[in-house]
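Visitor: Before I ask anything, here is the structure I am working with.
The values are calculated or read from the model by the stated rules, or taken from the named source; none is laboratory data. This one's a predicted model, so the numbers in the text were calculated from it and none came from an experiment. Cβ coordinates were reconstructed from backbone atoms using ideal geometry, including for glycine residues, and neighbour counts include every protein chain displayed. Heads up: the accessible areas ignore ligands, DNA and RNA and are worked out on the full protein's heavy atoms, side chains in. Shrake-Rupley method; radii C 1.70, N 1.55, O 1.52, S 1.80 Å.
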Amino acid sequence: ATQSEPYDIVVIGGGPGGYIAAVKASQLGYKTACIEKRGALGGTCLNVGCIPSKAMLNNSHIYHMLQHDVKKRGIDVSGVELNLKQMLAAKDASVKSLTGGVETYLFKKYPVDYIKGEASFVSPSQLKVALNDGGETQVEAKNVIIATGSEVTPFPGIEIDEKRIVSSTGALELQEVPKRMVVIGGGIIGLELGSVWSRLGAEVTVVEFLGAVGAGMDGEVGKAFQKILQKQGLKFKLNTKVVSAEREGEVVKLKVDAAKGGKEETLEADVVLVAIGRRPVTKGLNLETIGVEMDKRGRIIIDDQFNTSAKGVKCIGDVTFGPMLAHKAEEEGIAAIEMIKTGHGHVNYDAIPSVVYTHPEVAWVGKNEEELKQAGVKYKVGKYPFAANSRAKTNQDMDGFVKFIVEKDTDRVLGVHIIGPNAGEMIHSATMAIEYSASAEDIARTCTAHPTLSEAFKEAAMASYDKPLNF
Ligand code: FAD
Ligand code: NAI
C-alpha cells in the first residue's frame, strides 16, 4: 500500500533521537511518521542500553549493600540471596513499561504514525519499508530524519555468541552469574556492566588497551575511579591488548599481550564481554543511491543544521558525529525539527553532561584538564572531597570529590568533574553554569541547603578562586 498524502516528516529509527524528533514534529503540527524495525520503540537506549543497564546497576547495588554494607549501619539482615531470574524480570518490566509508553501513550497523545519495519531510500523523499509483518510499503516525505543509531563494534576475530562471548546486550541477559568474567574495554560499558556482575559475585577482570580507564574522562578522576573500583574487587589490566579469544566448551581462553611489547598471557573466563565501542548503523539504508556522504568511521556527515548531502534529509544521534549519548541524540532531534519549522535550532555541544552510573557515580561536563592543556588555555582548579561533606559523612558514603576547572583570568566555569554519590544528579548544576557562562563565584555565592552533597559542589567552586570553608 502507498499513502496518498506525503508526510511532512518521516523519522527513520525510534530511539531517543528518533522518537523525540517525531514527538516534537507532531507537537509543531507536522504530519509525522516514525519507522522502526526492532519491534519496539526506544532504540538502543530503552531496549538494550541506558534503561536495562541502570535497572541492573540499581538492583545489584542494593544486593551488594545488603551483603557488605548495611551491618555497620545497624541493620542486621540474614538470608540475603540473589534471585537473578527476578532481577532480570524487574529489569525487563522497566524496559517494557517505558518502550510501551512511547507507543501507546506518547505516539497517541502527539499523533505519530508508527511504521514497523526496515526503511531504505528510493530517493531523498521516498522510502521503501520492508514491514516486520511481511510485505512492503512505500512512504513519501517532504523531510526525512535519519536516526538509525549505533551498534556494538565487533572485535576482529572474536565471535560474539551472546552466551559466553557477549556484547552489552548479552551481558544484560546472563542467566547465571559467571564465576570469572573478562571485560575487553575499560570504557563506560565495561565499567558499568563489569560493576554489575562483580557485585553479583563474579570475579571481573577488565582488559584495557590504553593506560587509563573511563574512555576520555578527566585523568585525575579516572585514576581515582579505578582505585575505588579496585577496592570493590574489580581487577584491571591496563596497557594490555587482547590478541584472541576462543571458546573451548564452556570456557573462553583469551590471549593477551602487554601493549608495549610485554609477555603474552592466557586468561580464562566463563563469560567475556566485548565493550570496545560502538559504530554507526547505516547498512541497508541505500545511502549511496541518494548521495549521503559518510566519513572514514562510517558516520553520516552533516552540517551545522543537521543536513546531510542529500536534499531534505537530516541526520541526528549516534549515527553522526559527537558523543554517543541518549540526551545528545534527543537534543539534536528537537533542534533538527525546530530547524525545519523556524530555521533555527540549537545544541550546545560544550554543555553535554556524561555520567557513569556506577557507585560512586562519575559525572562531568565541559573540558577536562588534558583538553585544556592541549588547547593552551590557562585555568585554575578547585577541589573538594566528599570526606569533608557532612551529608556524605552521615550517609557513610564518602568516596570521591568535586573538581571545578575555571578560566584563570575570569573564573568562568570551563569544566566540572565529579566522582561521588549522586554525581549524576549534581552535574546538572554544572551544566547550567556552563550554559549560562557562570563564574565559580556565581555558584559559590548561591545559597545551598544544609546538609546536602551539593555543598561539596559549592565548596569546590569556592576553592577554585578562594578557600573552601569546611576543608
Ligand atoms: P538508537 O537508540 O540506536 O536507535 C536507533 C534505532 O533505529 C534502533 O532502534 C534501530 O532498530 C533503528 N533502525 C536502524 N536502522 C533502521 C532502518 N533502516 N529502518 C528502521 N529502523 C532502523 N546513553 C546515555 O545517555 N545514558 C546511558 O546511561 C547509556 N547507557 C547505555 C548502555 C548501553 C549498554 C548501551 C549499549 C548504550 C548506552 N547509552 C547510554 C547510549 C545510548 O543508548 C545511545 O546514545 C542512544 O540510544 C542513541 O540514540 P539514537 O536515537 O541515536 O539511536
Ligand atoms: P567506550 O568508547 O566508552 O570505551 C571503549 C574502551 O575500549 C576504550 O577505553 C578503548 O580504549 C578500549 N578499547 C578499544 N579497543 C580495544 C581493544 N582492542 N582492546 C582493549 N581495549 C580496547 O565504548 P563502550 O564502553 O563500548 O561504550 C560505547 C558507548 O556507549 C560509549 O562511548 C557511550 O557513548 C555509550 N554508553 C554510555 C553510557 C552512559 O552514558 N552511562 C553507558 C554505556 C554506554
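Visitor: Can you give me the number of residues within segment 173-205 that are among the aliphatic types (A, V, I, L, M) and assigned to a helix (DSSP H, G or I)?
Guide: Residues flagged as among the aliphatic types (A, V, I, L, M) and assigned to a helix (DSSP H, G or I) within segment 173-205 amount to 5.
Visitor: Considering Val166, Val122, which residue is of a type outside the set (S, T, N, Q), within 26 Å of Lys31 (Cβ to Cβ) and within 14 Å of ligand 1 (Cβ to nearest atom)?
Guide: Unique residue meeting the criteria: Val122.
Visitor: Restricting attention to segment 124-143, which residues are surrounded by 15 or more Cβ atoms within 10 Å (Cβ to Cβ) and either β-branched (Val, Ile, Thr) or part of a strand (DSSP E or B) (or both)?
Guide: Gln126, Leu127, Lys128, Val129, Leu131, Thr137, Val139, Glu140, Ala141, Asn143, listed by residue number.
Visitor: For Ser78, all conditions in the list (1) open to solvent by less than 50 Å² (accessible area, probe 1.4 Å); (2) away from ligand 2 (no atom under 16 Å from the Cβ) hold save one; what is the number of the exception?
Guide: (1)
For (1) away from ligand 1 (no atom under 14 Å from the Cβ); (2) in contact (Cβ under 8 Å) with a residue 60 or more places away in the chain; (3) surrounded by 22 or more Cβ atoms within 10 Å (Cβ to Cβ); (4) within 18 Å of the chain's Cα centre (by Cα), each residue gets a yes or a no:
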| residue | (1), (2), (3), (4) |
| --- | --- |
| Glu330 | no, yes, yes, yes |
| Thr342 | yes, no, no, no |
| Val347 | no, no, no, yes |
| Val356 | no, yes, yes, yes |
| Glu361 | no, yes, no, yes |
| Gly376 | yes, no, no, no |
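Visitor: Scan segment 44-53 and tell me whether some residue there is among the hydroxyl-bearing types (Ser, Thr, Tyr), away from ligand 2 (no atom under 16 Å from the Cβ) and outside any loop (DSSP other than H, G, I, E, B).
Guide: no
Visitor: Look through Lys314, Lys380 and report the one residue that is in a strand (DSSP E or B) and open to solvent by 30 Å² or more (accessible area, probe 1.4 Å).
Guide: From the options Lys314, Lys380, the qualifying one is Lys380.
Visitor: Scanning segment 225-245 for residues that are modelled with pLDDT of 95 or more and open to solvent by 70 Å² or more (accessible area, probe 1.4 Å), which turns out farthest from Val381 (Cα to Cα)?
Guide: Lys235
Visitor: Does any residue of segment 70-88 turn out to be more than 19 Å from Lys31 (Cβ to Cβ) and part of a strand (DSSP E or B)?
Guide: Looking through segment 70-88, none of the residues is more than 19 Å from Lys31 (Cβ to Cβ) and part of a strand (DSSP E or B).
Visitor: Moving on to the next point. Quickly run through segment 280-293 and pick out the residues that are open to solvent by 50 Å² or more (accessible area, probe 1.4 Å) and either outside any loop (DSSP other than H, G, I, E, B) or among the hydrophobic types (A, V, I, L, M, F, W, C) (or both).
Guide: Glu288, Thr289
Visitor: For segment 219-233, state whether one or more residues are charged (D, E, K, R) and in contact with a strand residue (DSSP E or B) (Cβ under 6 Å, 6 or more places away or on another chain).
Guide: Scanning segment 219-233 turns up no residue that is charged (D, E, K, R) and in contact with a strand residue (DSSP E or B) (Cβ under 6 Å, 6 or more places away or on another chain).
Visitor: Restricting to segment 204-224, and then to whatever is crowded, with 24+ Cβ neighbours inside 10 Å and closer than 30 Å to Glu81 by Cβ, can you tell me which residue is nearest to ligand 2 (Cβ to nearest atom)?
Guide: Taking the candidates together, the pick is Val206.
Visitor: Of all residues in segment 39-57 being in contact with a strand residue (DSSP E or B) (Cβ under 9 Å, 6 or more places away or on another chain) and near ligand 1 (Cβ under 6 Å from one of its atoms), which is farthest from Leu191 (Cα to Cα)?
Guide: Among residues in segment 39-57 that are in contact with a strand residue (DSSP E or B) (Cβ under 9 Å, 6 or more places away or on another chain) and near ligand 1 (Cβ under 6 Å from one of its atoms), the one farthest from Leu191 (Cα to Cα) is Gly43.
Visitor: Within segment 171-203, can you find the residues that are in contact with a strand residue (DSSP E or B) (Cβ under 8 Å, 6 or more places away or on another chain), open to solvent by less than 20 Å² (accessible area, probe 1.4 Å) and over 18 Å from Asn59 (Cα atoms)?
Guide: Once the filter is applied, which keeps residues that are in contact with a strand residue (DSSP E or B) (Cβ under 8 Å, 6 or more places away or on another chain), open to solvent by less than 20 Å² (accessible area, probe 1.4 Å) and over 18 Å from Asn59 (Cα atoms), segment 171-203 yields Met181, Val182, Val183, Ile184, Gly185, Gly186.
Visitor: If only one of Lys260, Lys296 is at pLDDT 95 or above, surrounded by fewer than 16 Cβ atoms within 10 Å (Cβ to Cβ) and out of contact with any strand residue (DSSP E or B) (no Cβ under 8 Å at 6 or more places or on another chain), which one is it?
Guide: The match here is Lys296.
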